[in-house]
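Step one of this worksheet: look at the structure below.
Quick note: the coordinates plus some simple rules give every number you see, no bench work behind them. These numbers come from a predicted model, not from an experiment. Virtual Cβ from ideal backbone geometry, glycine too; neighbours counted across all protein chains shown.
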C-alpha cells in the first residue's frame, strides 16, 4: 500500500482519543502551530506532526502496553529523534480526560525551542 493510501486509512480508522486530539490541533488552534494527521516522517506515519516545531504527538491505546509494542515504540521514537524530531506520548486516557495537558506540553515545547 502506498504511503498516502496508508495514511488515509489510518485517519479513517482513528479512535475517539485521536479524533479528540485532532479537534484540538487542527487548523493551527494551538498558537497557530499547524499539525498534520498521520504525518509521514521518514518511514513512519506519526499520529500528529508539526513541521515548524519538529514535534510529534503520539496517542497510545492499550495495545502500547504489550512488551513487543513497547519495544517497537522505543525503536521508532529513537529513529524519529535521530531525524531531529521530539516525540511526546500520551495515553488514550490522557487525551480523553486531560486534553489541557497536551496543549500545555505543546506550548512548553514551543517555548523551549524559541529560546
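Each residue in the range 79-96 was checked for being free of Cβ contacts under 8 Å to residues at least 12 places away in the same chain and touching a strand residue (DSSP E or B) at 6+ places or on another chain (Cβ under 9 Å), and 2 pass. Residues that are within 16 Å of the chain's Cα centre (by Cα) and farther than 17 Å from residue 45 by Cα within the range 71-102 comprise 91, 92, 93, 94, 95, 96, 98, 99, 100, 101, 102, listed in sequence order.
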